Amino acid sequence: MSSNSLTITDNRTNRTFTLPIENGTVRAMEFRQMRTSDDDFGLMLYDPAFMNTASCRSSITYIDGDRGILEYRGYPIEVLAEHCTFLEVAYLLLFGELPNEAELKNWVNEITHHTMLHENTKQFMENFRYDAHPMSMLVSTVAALSSVYPEARNVHDAANRLRQIKRLIGKMPTIAAMSYRHSVGFPYVYPDNDLNYTENFMNMLWRMVEPKYAAHPVLARALDILFILHADHEQNCSTSTMRAVGSSLADPYLSIASAAAALSGALHGGANEEVLRMLDEIGTKDNVPAYIKRVKDGHGKLMGFGHRVYKNYDPRAKIIKWTAEQVFEVTGRNPKLDIALELERIALQDEYFVTRKLYPNVDFYSGIIYQAMGFKPEIFTALFAIPRTVGWLAQWQEMITDAEQKIVRPRQIYTGQRTRSFVPMEERHGASMVK
Ligand code: CMC
């Protein structure tokens, strides 16, 4: 018997099973052979919120949550943030290798020429309510692109997939910027193909009457670094959504819209907006201890703290803190930074946070930089969705081409009643609709 195996005795039957261990996992389907009778379905694994279930093999992103390590295709995030542009990293995530000079030039050119939206899509966006949240607009507009590119549903055609991938990466900043301009009542700005990816995004957000927008190079580079940090994070909630929806062979626009919807929640990409609200609520450094006490007493969470995988400092938060210094030299210091630093200082010494291994995550400092750069909190999650689109697409492509993957379909433990007699209307007691 291989030592790389797990032996289990089913005490109900006294039968013993030996399961192979591969990559530190056993296959859940092996448990189905553990049955008490011929008509027994077999053992299942119960894992709400997928705390300990690997759903795929992936060669895209590596995280060691205990040591605070993050790598894309084997390259440490710190190295990529220092030396690469966002589109270079996008190429790496999608194709597995860093591009050479000619490949990068061609890639940037291709993405740049997919930044325009069809005028119909622009008109579609104009019809949202005047104060629509940019994330609601972004999710709906990306879904609507499915009607503009119906051929996208041919997800098994590699060339067709690549065309949609380029379109999505090119158009995401345009959609995010137009969503923002709509929410503040400004006319939409068309893409400027002379500018690089992040500069063009800043142009579409902030250009007013000047004939040509000139982004501050330090701020444009800071945004590019933030995009690199957010580009992928393996099987998080939105990426798992992308894979799950994509596994039904839905087209990539609908799958990205679903992933972006998952991202919008306050526990995921919506956290950066919530951090700013929390810092506003705290108001001054002196109020930090009382706020922390409130959290420990069970009233809310410290937003931007904690992570399912990182039980150490999130490496992205470290790079963001460093980037913040560069940004503040241009914009002046955001006074909220002092409250955030005080929160971090007290929390990292507090037994509640120490024993639970709760550290600042990527969202803790990102909002403070974004605000200093002039972004309003409502656009923060869209700032996350733009780069994460690359990760979603890389993971989707990996899923589609993985022979082991099928339509996602978890099991359940049924806890309801069985085969009841029908109750006529006049005999029903009803049920409270509020649970
Ligand atoms: N503030 C206070 N307590 C917390 C926090 C927090 N931010 N996060 C976790 N805890 C406590 C939690 O109450 C639990 O305590 P106990 O064991 O006494 O019940 C313990 O720590 C373990 O937490 P959990 O809820 O089981 O952890 P999880 O892996 O299910 O949740 C999380 C991870 C990120 C959803 C959670 O830490 C959280 O809600 N953080 C705040 C929201 C946030 O910053 N989200 C952004 C995540 S990073 C970027 C991204 O994914 O988009």
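Results, tabulated for the structure shown:
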read-out	value
Choice from LYS285, LYS311, LYS293 with maximal GNM fluctuation in the chain (Cα, 10 Å cutoff)	LYS293
Trypsin sites (Lys or Arg not before Pro) restricted to DSSP loop in the stretch 23-73 with at most 12 other C-beta within 10 Å	ARG27, ARG57, ARG67
Under 16 Å from LYS311, Cα to Cα: lysines that are on another chain or at least 8 residues apart	LYS357
Cα radius of gyration and Dmax for the chain (Å)	24.3, 80
Formal net charge of residues neighbouring ASP40 (Cβ-Cβ distance under 13 Å; K, R +1; D, E -1)	+1
Rg/Rg_globular for the stretch 295-435, with Rg_globular taken as 2.2 N^0.38 Å and Rg from C-alpha atoms	1.62
Loop-resident sites, the stretch 353-409, for GluC sites (Glu not before Pro), counting at most 11 other Cβ within 10 Å (DSSP)	GLU404
Low-density loop positions, trypsin sites (Lys or Arg not before Pro), the stretch 114-222 - DSSP coil, at most 15 other Cβ in 10 Å	ARG129, LYS212
Residues in the stretch 161-189 that a label on ARG129 would reach, taking backbone N under 16 Å of a point 7 Å out along Cα→Cβ	182-185
Whole-Hz couplings from phi, Karplus 6.51/-1.76/1.60, listed for the stretch 78-87; x for Gly and Pro	4, 5, 5, 5, 7, 10, 10, 8, 4, 5
Highest-MSF residue in the chain out of ASN203, ASN11, ASN312 [GNM, Cα springs under 10 Å]	ASN11
Neighbour count of at most 12 Cβ within 10 Å plus DSSP loop: longest chymotrypsin sites (Phe, Trp or Tyr not before Pro)-free window in the chain	131-413
Nearest 10 degrees, 0 to 90: helix 237-246 Cα axis against the chain principal axis	70
Quarter of Cα convex hull surface for the stretch 5-50, i.e. mean projection, nm²	3.8
Candidates ILE256, ILE111, ILE346, ranked by Gaussian network fluctuation over the chain, Cα under 10 Å, top entry	ILE346
Set LYS296/LYS318; LYS301/LYS376; LYS318/LYS376; LYS171/LYS296; LYS296/LYS321 screened for pairs whose C-alpha atoms are more than 32 Å apart	LYS171/LYS296
R0 of 30 Å, Cβ-Cβ distance GLU404-LEU104: FRET efficiency to nearest 0.05	0.40
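No lab work stands behind these numbers, since they all come straight from the coordinates. A quick note: this is a predicted structure, and the numbers were derived from the prediction, not measured. All Cβ positions, glycine included, derive from the backbone under ideal geometry; neighbour counts span all protein chains shown.
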